[in-house]
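The values are calculated or read from the model by the stated rules, or taken from the named source; none is laboratory data. Since the model is a prediction, treat every value here as computed from it, not as a measurement. Cβ sites come from the backbone with ideal geometry, for glycine too, and all protein chains shown count toward neighbours.
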Amino acid sequence: GNTEHPSDRFYNTTVEVLPESLPENSPIWSTFNSTADGFLIIGNFNALGIAEGGVEPQIGAVKEIRLHVHSDSENWAILSEIMLQGNTNR
């Protein structure tokens, strides 16, 4: 949220990544929950509307990242900031 609209934030929303080329027999598939279309669920938004986390190196290169909103909300939410860092910047 922001100071003018503190309740406008993501609720019940997951952060998901689609690996570029992760073998079907990789142990990563049993480490993370996954979606039917091959995305790994790597995080979710907290009560403050913030999602933080990292992508395990074993996942490899990420082809896509998405936010999956699992329920309707009475408010609008605008994603105003996203910061992605490569392995060398951590």
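On inspection, G43 fails the criterion of being part of a loop (DSSP other than H, G, I, E, B) and within 23 Å of L79 (Cα to Cα).
Listed by first and then second residue, the pairs linking a residue in region 59-87 that is among the basic types (K, R) to a residue that is assigned to a loop (DSSP other than H, G, I, E, B), with Cβ atoms under 6 Å apart and 6 or more places separating them unless they lie on different chains, are K63/E20. Taken together, G49, G54, G43 contain a single residue that is in contact (Cβ under 8 Å) with a residue 40 or more places away in the chain and either under 14 Å from the mean Cα position of the chain (by Cα) or on the phi > 0 side of the Ramachandran plot (or both), which is G49. Residues considered: I65, I82. Of these, the only one that is among the β-branched types (V, I, T), surrounded by fewer than 10 Cβ atoms within 10 Å (Cβ to Cβ) and either under 13 Å from the mean Cα position of the chain (by Cα) or in a helix (DSSP H, G or I) (or both) is I82.
A single entry from F45, F39 fulfils the requirement of being in contact with a Leu (Cβ under 6 Å, 6 or more places away or on another chain), closer than 11 Å to V15 by Cβ, modelled with pLDDT of 80 or more and surrounded by 10 or more Cβ atoms within 10 Å (Cβ to Cβ): F39.
Please work out if L22 is over 15 Å from the mean Cα position of the chain (by Cα), loosely packed, with under 15 Cβ neighbours inside 10 Å and of a type in the set (A, V, I, L, M, F, W, C). It is false that L22 is over 15 Å from the mean Cα position of the chain (by Cα), loosely packed, with under 15 Cβ neighbours inside 10 Å and of a type in the set (A, V, I, L, M, F, W, C).
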